[in-house]
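Below: the structure, in structure tokens.
Nothing in this text is a laboratory measurement; each read-out follows from the coordinates by a stated rule. Keep in mind that this is a model prediction, so the values were computed, not measured. Note: ideal-geometry Cβ built from the backbone for every residue, glycine included; neighbour counts use all protein chains shown.
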Amino acid sequence: MGKHELICHPDTPARAVTSVIAECEQQGQKLWLRFHAKLDLDTLSLPPLADPVRMDGLWQTTCFEAFLRERGSVAYREFNLSPSSCWAAYSFSGYRAGKADLALAEEPEIGLDASQGHFALEADIPLPAGSLDVAISAVIEEADGTKSFWALSHPPGKPDFHAPSCFALTLPAPEAP
């Protein structure tokens with residue numbers, strides 16, 4: 001799927017983040033994701049490192065997200081990946097409807113990489129069978145409280161990563177193991 005530059009929502013301009021690039025690669029029954037933000041690391045607000053557990057509300061601070069929807073379906077899955085190493089996975093029966101915790105056979109493993117000029121997070125998430133429409137996004141909180149919302153595309157109005165128009169990438173069905 002390659003590298004994709006995420007777009008900052010026009011109503012939530014970043015002060016310190018100059019770009020966010022998301023890389024995606026299908027690896028068997030998993031999707032490898034890497035989010036790379038260019039910024040002065042001192043300007044980034046990061047949650048404290050924690051044990052890698054399922055946790056709600058991760059999107060309220062710096063968090064990276066992926067949404068997977070089987071082609072032709074309105075149901076989808078949401079994955080939240082936090083720099084704290086916490087994660088969340090949900091299933092939805094339709095647009096913001098029927099939210100439930102998504103049971104996973106394997107928890108996402110989150111890796112971090114940073115220098116003074118960048119911050120990166122990578123993770124593997126499980127892929128359902130079938131061709132998928134994919135949305136990838138990021139919430140970046142800066143040390144001064146500024147929050148910017150980044151995605152492949154944004155619907156009109158306030159930031160909404162769940163919007164059908166955000167599912168801008170297509171992923172073929174994974175090959176059988």
Per-residue ³J(HN,Hα) for the range 97-111, Karplus 6.51 cos²θ - 1.76 cosθ + 1.60, θ = phi - 60°, Hz, x for Gly and Pro: 10, x, 5, 8, 4, 8, 6, 10, 5, 10, 6, x, 9, 10, x
Compute the relative contact order of the range 101-147 as a whole-number percentage, counting only Cα pairs closer than 8 Å that sit 6 or more residues apart in sequence. 25
Quick one: net charge of residue 60's neighbours, Cβ under 13 Å, K/R +1, D/E -1? -2
Treating the range 1-129 as a set of equal point scatterers at the Cα positions, no solvent, please give the Debye-formula log₁₀ I(q)/I(0) at q = 0.11, 0.12 Å⁻¹. -0.40, -0.48
Peptides 106-112, 139-145: what's the order by average Cβ count within 10 Å, highest mean first? 139-145, 106-112
What are the lysines whose alpha-carbon lies under 29 Å from the alpha-carbon of residue 3, with same-chain residues fewer than 8 places away excluded? 30, 38, 147, 158
Computed on Cα atoms, Rg of the range 1-67 relative to 2.2 N^0.38 Å comes out at 1.27
By the mean-Cβ-within-10 Å protection proxy, highest first, 53-64, 7-18 rank as 53-64, 7-18
Within the range 70-99, backbone nitrogen closer than 14 Å to the virtual label 7 Å beyond the Cα of residue 170 toward Cβ: 70-73
Along each principal axis, Cα extent of the range 75-177, largest first, Å: 42, 35, 25
Fully extended contour minus Cα-Cα distance, from residue 71 to residue 116, at 0.36 nm per residue: 12.2 nm
Burial ranking of peptide ranges 116-122, 75-81 (average Cβ count within 10 Å, highest at the top): 75-81, 116-122
Looking at 137, 63, 16, which one has the Cα that reaches farthest to the positive end of the dipole of the chain (charges on Cβ: Lys, Arg +1; Asp, Glu -1)? 137
Evaluate the relative contact order of the range 71-177 (contact order divided by residue number), counting alpha-carbon pairs under 8 angstrom at least 6 apart; express in whole percent. 20
Report the charge-dipole magnitude of the chain in Debye, nearest 20, computed about the Cα centre from +1 at each Lys and Arg Cβ and -1 at each Asp and Glu Cβ. 520
Can you give the Kirkwood hydrodynamic radius of the range 59-133 from its Cα pairs, in Å with one decimal? 13.5
Output the Cα-based Rg and Dmax of the range 60-101 in Å, rounding Rg to one decimal and Dmax to a whole number. 11.2, 34
Where the centroid of each part is defined by its Cα atoms, how far is the range 29-98 from the range 114-177 in Å? 8
Per-residue ³J(HN,Hα) for the range 27-34, Karplus 6.51 cos²θ - 1.76 cosθ + 1.60, θ = phi - 60°, Hz, x for Gly and Pro: 10, x, 8, 10, 10, 8, 10, 9
Please compute, over every Cα-Cα pair in the range 122-177, the percentage with a separation greater than 13 angstrom. 68
Which FRET efficiency value, to the nearest 0.05, is calculated for residue 25 and residue 107 with the Förster distance at 22 angstrom and r the Cβ-Cβ distance? 0.65
Mind listing the long-range amide H neighbours of residue 62? Cut-off is under 5 Å, sequence gap 5 or more, other chains count too, H placed in the peptide plane at 1.01 Å from N. 141
Amide hydrogen neighbours beyond the local backbone of residue 109, cut-off 5 Å, H modeled: 124
How much net charge surrounds residue 148 when only the other residues with a Cβ under 15 Å from the Cβ of residue 148 are counted, with Lys and Arg +1 and Asp and Glu -1? -4
